[in-house]
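*Asks:* After the structure tokens below, expect a handful of questions from me.
The values are calculated or read from the model by the stated rules, or taken from the named source; none is laboratory data. Here the structure is a predicted model, which is why all the values come from computation and not from measurement. In this analysis, Cβ positions are derived from the backbone assuming ideal geometry, glycine residues included, and neighbour counts consider all displayed protein chains.
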Amino acid sequence: MRRLGVENDLAALAALPMSDIIAAQENAEGGLMAWRPVVDGEVLPVDPGQALLEGRDFDVPMIVGWAAHEADFIFQGAPFTIEELERQLGPQARRLFDAYAAGRPDTKPQEVVEAVLTDWVFGMPSIAFAEARASSGHRTYVYHMAWGRADDPSARATHGARGATGAVGADRRSGSGS
């Protein structure tokens with residue numbers, strides 16, 4: 001909102017042309033991952049993730065998880081190269097790439113990079129969050145959706161695909177997924 005010149009002025013924001021808002025979104029630092037809840041002390045008094053980790057939520061079971069190919073959507077247009085992985089993850093990138101590649105001997109390097117990024121950005125935080133929440137005594141379940149179709153390799157578990165299956169973590173047609 002600051003870049004748009006309407007910091008804290010919702011009426012001014014609403015009056016802007018949609019093209020200005022979209023341009024600001026496309027140029028936000030952090031890309032798609034920059035859009036998160038903003039703790040303002042009034043509407044959102046505390047960070048939602050912190051509140052959940054501390055058990056300050058309703059005692060409702062929670063399902064936490066990720067799809068095997070989340071990075072397909074989130075990192076659209078980014079090169080899935082070892083150099084990009086090093087830029088994203090730093091010095092441990094090569095070691096992670098090598099470990100993942102060893103477990104996927106017939107996989108193209110760009111698919112290995114995509115798998116590392118997916119687990120780094122979605123898988124590991126999902127597991128860490130679920131473990132922390134469960135340790136506060138709340139029922140928390142984890143899923144990893146990894147379905148795909150042999151006849152169409154582009155039809156696979158990507159960001160947002162959970163709704164396409166009709167159930168979290170399961171593909172009703174094949175029974176695959178986890």
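*Asks:* Where residues in the range 102-154 are basic (K, R) and under 30 Å from D59 (Cβ atoms), which of them is modelled with the highest pLDDT?
*Replies:* R139
*Asks:* Still on this structure: Here's a check for you: in the range 95-135, which residue that is of a type in the set (D, E) and under 18 Å from P79 (Cβ atoms) is surrounded by the fewest Cβ atoms within 10 Å (Cβ to Cβ)?
*Replies:* Looking at the filtered set, the residue picked out is E111.
*Asks:* Return the pairs, sorted by first residue and then second, in which the second residue is in a loop (DSSP other than H, G, I, E, B), the first residue lies in the range 131-155 and is within 15 Å of G49 (Cα to Cα), the beta carbons are less than 7 Å apart, and the residues are 6+ apart or on different chains.
*Replies:* Listed pairs, sorted by first residue: S136/E54; S136/G55; H138/G55; H138/D59.
*Asks:* Any residue at all in the range 66-89 that is touching an Asp or Glu at 6+ places or on another chain (Cβ under 7 Å), surrounded by 13 or more Cβ atoms within 10 Å (Cβ to Cβ) and of a type in the set (V, I, T)?
*Replies:* For the range 66-89, residues touching an Asp or Glu at 6+ places or on another chain (Cβ under 7 Å), surrounded by 13 or more Cβ atoms within 10 Å (Cβ to Cβ) and of a type in the set (V, I, T): absent.
*Asks:* Also, quick follow-up: Are any residues in the range 14-29 at pLDDT 90 or above and within 19 Å of D40 (Cβ to Cβ), and if so, which ones?
*Replies:* Once the filter is applied, which keeps residues that are at pLDDT 90 or above and within 19 Å of D40 (Cβ to Cβ), the range 14-29 yields only A14.
*Asks:* For the range 70-117, list the helices (runs of 4 or more DSSP H) that sit wholly inside it and hold at least 1 residues that are within 20 Å of M145 (Cβ to Cβ); which are they?
*Replies:* The helices (runs of 4 or more DSSP H) meeting that bar are 70-74, 93-102.
So that you can scan it fast, the table gives a plain yes or no per residue for (1) of a type outside the set (F, W, Y); (2) touching a strand residue (DSSP E or B) at 6+ places or on another chain (Cβ under 6 Å):
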position	(1), (2)
R94	yes, no
D98	yes, no
D119	yes, no
R133	yes, yes
Y143	no, yes
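*Asks:* Would the range 75-88 turn up any residue that is under 17 Å from R133 (Cα atoms) and at pLDDT 90 or above?
*Replies:* Taking every residue of the range 75-88 in turn, none turns out to be under 17 Å from R133 (Cα atoms) and at pLDDT 90 or above.
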